[in-house]
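Notes follow once the structure below has been shown.
The values are calculated or read from the model by the stated rules, or taken from the named source; none is laboratory data. Everything quoted here is computed from the prediction, not taken from an experiment. Counting neighbours? That spans all protein chains shown, and the Cβs are built from the backbone with ideal geometry, glycine included. These accessible areas exclude ligands, DNA and RNA; they are computed on the full protein's heavy atoms, side chains included. Shrake-Rupley method; radii C 1.70, N 1.55, O 1.52, S 1.80 Å.
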Amino acid sequence: MATTPRRYVDRLAAGLQHVWTDRGRGGDFLLPLAWLYGAAVALRRASFRRGWRTVYRLPARVVVVGNLIVGGAGKTPAVIAVVDILRAAGRKPGIVSRGYGRSGDDVVEVEATTDPRRAGDEPVVLRRRTGVAVFVAADRVSAAHALLQAHPEVDVIVADDGLQHLALGRDVEVVVFDERGMGNGRLLPAGPLREAAMPSGQTPGVDATVAPARLILYNAAAPTTPLPGHASQRVLAGVATLDDWRAGVAPSLAALHALRGRPVVAVAGVARPARFFAMLRDAGLDIVEHPLPDHHAFDTLPWSSTAGDVVLTEKDAVKIDPGRRIGTRVWVATLDFVPDPAFAAALLEALGSRDESLPAPAPPAHGNPPA
């Protein structure tokens, strides 16, 4: 599979993390490139705002969940939390996603058993965790139209990681920050920001009279930027054996605590594995860390066949072929993301009543996906 532009960005991010933590000379050297990048972002937003490029409106409300900072900030658990809030309020949500790391750009409806190589690992996790309809495509607009055609009862589309996918019209943007905050506050490549950070309720380069509401959600116990927003808690719901997890058995805290005092290999192919390892240690486990690159394919098992107990994330578990012979005890840890109660109220207020009028939908995009 060809290397995508996002892969290049991720590789660049890995090499620049130390520069992005402060306003050192390395960042100063890169400022001219950041100014050029910022100008390109502003021009792109202006092209949508002025109607030079089409913004597609759907016959459903749209909530986009994303992050301004490069690297995983907690979008996937935030999407799950948003879907849970909507369902508790009586709404009927569905999810669209790019399906990062998958082969192909076509529209795919994701099932709990869909091969992650075809759909992406995170969409499979989203389908398993939420039970709602999930569609993936390089063009989120096409994915959303396909979802609504297949599931006309859906009244809210939740877009996973679509903040910069401006062709998809939206009613609410949920911007997720983690403990890194905004780093040094600079744009790529002098800093970690994909676009300039704006206060809640504002979107860069968009007329305030038509802008979507923008809510800030912190994947942390307290705000990590000056922007007003809502804190949240990350908690381990427990573990289940790999076979039980595949069968839909709920995770157990008792099973997690039973791993205390035993050597455990902790595996994490996620953007920030240290966060996962810290949660396992906080639960009292004695672990040997085995970090892997984000979206690791698991074509071969990365741990020794002599390992006793192995604990990994759901994002990793979906990529282990059910027919593979493993030979070790593998446990899947489930992480929950719990926003403060005020976030749910703010989200539902920003989304508005289901009885409010919706714009006439634009036809689905054809040809090349909107940028």
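Assorted remarks:
- Accessible surface, 1.4 Å probe, highest first, among residues LEU31, LEU347: LEU31, LEU347
- Accessible-area composition of the chain, carbon plus sulfur, in percent [1.4 Å probe]: 56 percent
- Ranked from largest to smallest solvent-accessible area, with a 1.4 Å probe on the protein heavy atoms, ASP316, ASP171, ASP28 come out as ASP28, ASP171, ASP316.
- For the chain, the longest principal axis of the alpha carbon atoms and the long axis of helix 121-130 meet at an angle near 90°.
- Extension gain from ASP243 to ALA342, taking 0.36 nm per residue of separation minus the Cα-Cα distance: 31.9 nm
- Amide proton proximity set for GLY238, modelled H, under 5 Å, gap of 5+: THR334
- Nearest-ten-degree value, helix 273-282 long axis tilted from longest Cα axis of the chain: 50 degrees
- Gap separating the Cα centres of region 212-270 and region 117-157, nearest whole Å: 23 Å
- Once both labels are positioned 7 Å from their Cα atoms along Cα-to-Cβ, the gap between GLN233 and ALA274 label points is 2.4 nm.
- Sites ARG324 and ALA39, calculated FRET efficiency, Cβ-Cβ separation with R0 45 Å, nearest 0.05: 0.40
- Only protein heavy atoms count here; under a 1.4 Å probe, VAL19 has an accessible surface of about 20 Å².
- Accessible surface of HIS257 - all protein chains present, 1.4 Å probe, nearest 10 Å²: 80 Å²
- Simple label model, 7 Å out from Cα along Cβ direction - THR306 to THR21, nm: 3.5 nm
- Sparsely packed GluC sites (Glu not before Pro) within region 133-194, loop by DSSP, other Cβ within 10 Å at most 16: GLU153, GLU179
- Kirkwood Rh, Cα atoms: Rg over Rh of the chain: 0.96
- Taking the C-alpha atoms of region 120-251, convex hull volume expressed per residue in Å³: 155 Å³
- Per residue of the chain, the DSSP helices (runs of n ≥ 4 H) give a summed -39500 (n - 2.57) that works out to -9000 deg cm²/dmol at 222 nm.
- The long axis of helix 140-150 is offset from the longest Cα principal axis of the chain by roughly 80 degrees.
- Given their separation in residues at 0.36 nm each and the Cα-Cα distance between them, ARG118 and LYS92 gain 6.8 nm when the chain is fully extended.
- In sequence order, region 59-71 has phi-based couplings of x, 7, 5, 10, 10, 9, 10, x, 9, 8, 9, 5, x Hz under the Karplus curve 6.51 cos²θ - 1.76 cosθ + 1.60, θ = phi - 60°, and Gly or Pro positions carry x.
- Accessible area per residue for region 171-313 is 41 Å², calculated with a 1.4 Å probe on protein heavy atoms, without ligands, DNA or RNA.
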